[in-house]
Amino acid sequence: MRTIAHLSDLHFGRVDAQLLEPLRRRLSALAPDVVVISGDLTQRAKPEEFREARRFLDTLAKPQIVVPGNHDVPLYNVFQRFFAPLSKYKRYISADLEPAYIDDEIAVVGINTARSLVFKGGRINEEQVESVRLRLCDLGQGVTKIVVTHHPFDLPEDWDDDHIVGRAKMAMQMLARCGADVLLAGHVHMSHAGHTAKRYKIDGYAALVVQAGTATSTRGRGETNSFNALKVLPHEVQVERYSWDVGVRDFTLASVEAFEHTQNGWLRKS
């Protein structure tokens, strides 16, 4: 079994500082094999925000798979936005915008969906998907294949499709050929776990979609700060959501959902 801690939308610059130490303690207790952070490490891509994010990351377990989000691209500095959009991210966080971790049980691959030409939206292109396929396609059936983006591939039906990453349909068709199992994302500050069978009609295929809420930002959008812990077994994934409990001043287990791999893809376990 592998344990993955999945955080998102930290938004240093608009962080609730009282959450940081309890979050570190809870993550340490979980002892994850991999820490995933699916974008928006900063609020306005300022150097001091990136420095704060870097200091926080340095307190967490390794290895880490971190991808940028749209807030990690400068908003008001037009020159940087269009000519060096992720220069500060590369300096303080990582020069690798599409990192990967692969062992004999899991493969976790990141994709950068942040773009200069849009303020909130994101996009994925064929070259990025092909790069992921080259990393995933030849792996054995016993390896659970996990893709990390900031912008989601899927959301519940009552959410606006504008939040979904651009060219998602193309990417899903290509990822399905390699049997991508789990899609981790953030962006909308909402926790959610489900599958892609309704939105993407691909015979015999449904990926498990796991959304993380904001772990530390004051911009909760109606949901309590939270993060996910995924317990990954062959053909089974358990998604645990830990939410901030102001009464005990800690992140406590709020829900557990189980999914299994069937002949029709990943579906909720009955």
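Overview of results
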read-out	value
Ranked list, fewest to most other Cβ atoms within 10 Å of each Cβ, for 158, 9	158, 9
Full-stretch length increase - residue 102, residue 202 - with 0.36 nm per residue and alpha-carbon distance subtracted	33.4 nm
Lysines whose Cα lies under 23 Å from that of residue 88, excluding same-chain neighbours fewer than 8 positions away	46, 62, 120
Bridge type composition, the chain - antiparallel percent by DSSP, nearest 5	60 percent
Residues of type aspartates and glutamates that residue 90 reaches as a straight line, Cα spacing below 20 Å, ignoring anything fewer than 8 places off in the same chain	9, 40, 48, 49, 52, 58, 72, 98
Length-normalised contact order for region 2-268 - Cα pairs under 8 Å, 6+ apart - percent	20 percent
Candidate lysines - alpha carbon under 18 Å from residue 169, same-chain residues fewer than 8 apart omitted	198, 201
Loop-located trypsin sites (Lys or Arg not before Pro) in region 179-209 whose Cβ has at most 11 other Cβ within 10 Å (DSSP)	198, 201
Rg/Rg_globular for region 180-242, with Rg_globular taken as 2.2 N^0.38 Å and Rg from C-alpha atoms	1.23
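Rule-based calculations on the coordinates, nothing more; no lab input. Nothing here was measured: the structure is a model prediction, and the numbers come from that model. Positions of Cβ are backbone-derived with ideal geometry, glycine not excepted, and every protein chain shown enters the neighbour counts.
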